[in-house]
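> Can you read through this structure? Questions will come right after.
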There are 2 protein chains.
Amino acid sequence: MGVTGARRPGRPAGGQLVVDRERVLDAAERVIAREGAGVSIDDIAIEAGVTKPIVYDRVGSRSELADALAERLADRMVKAAGDTLMEGSISEEALARFIEVNLVTVSQNRELFLYVTGGSTEQTALGRLKVAERSIDPMTLAIRAWRDHFAADPKVADTWAAAIVGALQMVAIWWTAQSERPAREIARQVADLLWNGLPGRPER
Amino acid sequence: MGVTGARRPGRPAGGQLVVDRERVLDAAERVIAREGAGVSIDDIAIEAGVTKPIVYDRVGSRSELADALAERLADRMVKAAGDTLMEGSISEEALARFIEVNLVTVSQNRELFLYVTGGSTEQTALGRLKVAERSIDPMTLAIRAWRDHFAADPKVADTWAAAIVGALQMVAIWWTAQSERPAREIARQVADLLWNGLPGRPER
DNA sequence: GGGATTAAGTTACTTTGAGTAAGTAAGTCT
DNA sequence: AGACTTACTTACTCAAAGTAACTTAATCCC
């Protein structure tokens, strides 16, 4: 049959890709969400309706897959956080909302989050760093701009960004592994720490 | 030859173990420090002077190995931090010293740190949580005791502990992956954040 | 003192999953 | 029509986790 749509094996020259990179990543997300972070490349290929070499062609290696998924998740979180954290307007309440959105987004993408923060065997936790960079960079910029705005030394920005991203990641993991406690409560507590510091507000 | 020391294969009944659990873990640390976090169980067995099944017998599985090494590292860090973080005596300077000791300890055990925070493929980042627990628990106790002492609400202790441990871990990874910047500087910046909060000290 | 027993190992396997090489069908170009 | 190209597949290799089954030396007991 010359039906152009139903061809399967052995493919054309000027033909379009059946599954492009995005579709592979979509499939990876779906199967990770469903089966957990322990999925194999084969599982992902099957979910995408292709075979393993296609996944390697589109994505690269396993760790590149993790990186790509991490980028997507980080972007999703940045987007979800929206403008809760814009320069001049920052406040403890805004920070709490930002953190809450982060927690909720993580809980909505729990397995994916565990997958990308789980690291990639070989390069271990350096993968986790790479994951975080996508979050650290915007955070660095936000802090720097904001400190500039208040004439405070912006040199601390990158260190602070790493610390804050690390705190949020760990709280997210810890929280999702726990029996239910409202995200808002946790977010407020973390915001309290990050805004007022360990000694707490001057008077209370 | 009845030389009791030189026996190798096939071993006795009432005899002592040639390598106990501790020796296996020691060997694992050595080979990880030398070869990086990508070592196999076989590599560890060889370093310990035995074969793979012995490692499994003494330690359990690969993830149990990671857990055990994590406990050791966490204990080492708690010990190294010593009494920098004792209840009543806490201050921004004490906190900075505590953080600096943490950073230095991590850099002295870099590959091991990457190994244990790298997670264990299967259970991914939940392993990282388990790693952290050993650090979170003492931190929780310290914070709770300290807040009690100042009549502040101690309910935030566990959340804060998770946040702080996460911040320290991420800063440590980020810092060790960087070109040289003195640990003391980084520690002071993190202490500044955790003590004074994002807006900074009242006057400055 | 000489078997049965048992502890402490080893060798040799199975299994799983990452990554790749080589083949094959459907189209395009001339 | 035949040469070429592209988009895939099948079928492998290789490494590493985990396990089963065997081997040897000491001890126990009579």
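The values are calculated or read from the model by the stated rules, or taken from the named source; none is laboratory data. Computed from a prediction, not measured in an experiment: that's the story for all the values here. Using ideal geometry, Cβ is built from the backbone for each residue, glycine included, and neighbour counts are taken over all protein chains shown. These area figures cover heavy atoms from the full protein model, side chains too; ligands, DNA and RNA do not enter into them. Shrake-Rupley method; radii C 1.70, N 1.55, O 1.52, S 1.80 Å.
> Kindly provide the set of residues from the range A:35-54 that are of a type in the set (Gly, Ala, Ser), farther than 11 Å from A:VAL19 by Cβ and within 14 Å of DNA strand D (Cβ to nearest atom), ordered by number.
Within the range A:35-54, the subset of a type in the set (Gly, Ala, Ser) is A:36-38, A:40, A:45, A:48-49.
Cutting the leftovers down to farther than 11 Å from A:VAL19 by Cβ gives us A:36-38, A:40.
Passing the criteria: A:GLY38, A:SER40.
> As an exercise: evaluate A:ILE54 against (1) modelled with pLDDT under 90; (2) over 19 Å from the mean Cα position of the chain (by Cα); (3) hydrophobic (A, V, I, L, M, F, W, C) and give the number of the one condition it does not meet.
(1)
> State whether the residues of the range A:55-69 include one that is within 30 Å of A:GLU100 (Cβ to Cβ), open to solvent by 10 Å² or more (accessible area, probe 1.4 Å), within 14 Å of chain B (Cβ to nearest Cβ) and away from DNA strand D (no atom under 16 Å from the Cβ).
yes
> Output the residues belonging to the range B:169-191 that are more than 7 Å from chain A (Cβ to nearest Cβ) and either assigned to a helix (DSSP H, G or I) or β-branched (Val, Ile, Thr) (or both). If you could, list the steps in order and put the result at the bottom.
Taking the range B:169-191 as the starting set, the residues that turn out to be more than 7 Å from chain A (Cβ to nearest Cβ) are B:172, B:175-176, B:178-185, B:187-188, B:191.
Once the filter is applied, which keeps residues that are more than 7 Å from chain A (Cβ to nearest Cβ) and either assigned to a helix (DSSP H, G or I) or β-branched (Val, Ile, Thr) (or both), the range B:169-191 yields B:ALA172, B:TRP175, B:THR176, B:ALA183, B:ARG184, B:GLU185, B:ALA187, B:ARG188, B:ALA191.
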